[in-house]
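The values are calculated or read from the model by the stated rules, or taken from the named source; none is laboratory data. None of these values were measured; they are calculated from a predicted model. Counting neighbours? That spans all protein chains shown, and the Cβs are built from the backbone with ideal geometry, glycine included.
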Amino acid sequence: MLNRIFLEHPASVNESYSAHFLVAAGFGLRLLVAAGVCLVHAILPCLFASTGSKMIHDLHKRMVTHRVHHDA
């Protein structure tokens, strides 16, 4: 059961648990920054006109487009 909870998914993307933790945490932090940028843009539309969408596009490219997925 612990293997399924902690190791199955990281192995399916060819990562150890710790490597997956760092990658996923990095994505999470970038998403928080992107959310902040979008909120600032909502209040002051002259700021960050395309920054939020560029950040999301870049994250999607890294997370989905260039992902290598292996069956666990």
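If you check VAL37, VAL64, which single one turns out to be free of Cβ contacts under 8 Å to residues at least 40 places away in the same chain, in contact with a Gly (Cβ under 6 Å, 6 or more places away or on another chain) and assigned to a helix (DSSP H, G or I)?
VAL37
Does at least one position in the stretch 35-54 carry a residue that is more than 17 Å from the chain's Cα centre (by Cα) and of a type in the set (Lys, Arg)?
no
Take the residues in the stretch 20-72 that are out of contact with any Leu (no Cβ under 9 Å at 6 or more places or on another chain) and among the basic types (Lys, Arg), then tell me which one is farthest from ILE5 (Cα to Cα).
LYS54
Only one of (1) at pLDDT 95 or above; (2) assigned to a loop (DSSP other than H, G, I, E, B) fails for LEU32. Which number is that?
Among (1) at pLDDT 95 or above; (2) assigned to a loop (DSSP other than H, G, I, E, B), LEU32 violates only (2).
So, of the residues in the stretch 12-29 that are free of Cβ contacts under 8 Å to residues at least 24 places away in the same chain and assigned to a loop (DSSP other than H, G, I, E, B), which turns out to be farthest from GLY52 (Cα to Cα)?
Of everything passing the filter in the stretch 12-29, SER16 is farthest from GLY52 (Cα to Cα).
Quick check on my filter: what residues within the stretch 1-11 are in a helix (DSSP H, G or I), free of Cβ contacts under 8 Å to residues at least 12 places away in the same chain and exposed (fewer than 15 other Cβ atoms within 10 Å of the Cβ)?
Within the stretch 1-11, LEU2, ASN3, ARG4, ILE5, PHE6 qualify.
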